[in-house]
Amino acid sequence: MPRGVAATLAWGAFIVGAVVALAVLPERLVANSGLSAAQRQDYLADARILVLQAAGGVILLVGALFTARQLTLNREGQVTDRFKAAVDQLSSPSATTRTGGIFALHRIAIDSSRDRDAITEVLVSFVHEHRSHRLEIMDALGVDVQAAINVLGRRPGASAERYRLDMSHCNFADADFSRKNWRYADFSYSEFSFAKFIRANLEKACFAGSQVTSGSFRAASACGFRVKPITRFG
């Protein structure tokens, strides 16, 4: 049943119930009370006022809940529009526009916890699209890719994630991963020539088969990860 029809039926049922209550309850409250006719009329009037007040309270409560629901739906709609606009920017030929879209997604991730996983997947896909080893021609690391790395490294809720961030099979030459959270990240089979991981959180990060040439891991937090086993070239 459509939500609007269900709401209309619910309101109709409530109104009918209120009318019935107004007509029946006061009579039941004073029935067999032994009151005089005048007292009975006074009590009936008071009982009807009581029923009306109760119905008014219910209406106010339902109205408040309805308003809150509408505000939530409006906010979700705004987030959806912002998300779509930011994703559209990622396909722009302009690196500046793409960078703006990346930071817009970061802002949405801060505002909307339910969209964080989707935003992470979009940004990871963006990184792979521009830095995958499968690309025949690869330019130097752009400001947009570095922006995506920065946003992924400080994504909200990263400490509670139960999956590996897939940063594998990419060329990260000259990239800066410093002072970011890469806990559980999968960097396997990637190129890290002159990359920086200064003061980065690399707890249980995976670098299997990766190439590190003159990379900097100074003061990186590396519980469960050791730089030594990484394959080094040059």
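A short reminder: the numbers here are calculations on the coordinates, not readings from a lab. Worth saying up front: this structure is predicted, and the values here are computed from it rather than measured. Ideal geometry is used to build each Cβ from the backbone, glycine not excepted, and the neighbour counts take in all protein chains shown.
Computed over the Cα atoms of segment 117-212, what is the convex hull's projected area averaged over all directions, in nm²?
5.6
Quick one: order His128, His133, His106 by neighbouring beta-carbon count within 10 Å, fewest to most.
The fewest-first ordering by Cβ neighbours comes to His133, His128, His106.
How charged is the neighbourhood of Ala140? Take every other residue with its Cβ under 15 Å from the Cβ of Ala140, and add Lys/Arg as +1 and Asp/Glu as -1.
Within the 15 Å Cβ shell, the charges total -4.
Enumerate the amide H contacts of Glu191 below 5 Å, restricted to partners 5 or more residues apart or on another chain; note that Pro and chain-start residues carry no placed amide H.
Residues meeting the amide H criterion: Cys170, Asn171, Phe172, Gln211.
Grab the other residues whose beta carbon is less than 12 angstrom from that of Ala95, score K and R as +1, D and E as -1, and report the net.
So the surrounding residues net to -1.
Find, among the chymotrypsin sites (Phe, Trp or Tyr not before Pro) in segment 150-225, those assigned to loop by DSSP (not H, G, I, E, B) with at most 11 other beta-carbon atoms within 10 angstrom.
Tyr163
Would you list which aspartates and glutamates come within 16 Å of Lys84, measuring only between C-alpha atoms, while excluding same-chain residues fewer than 8 positions from it?
Within reach: Glu76, Asp111, Asp115, Asp117, Glu121.
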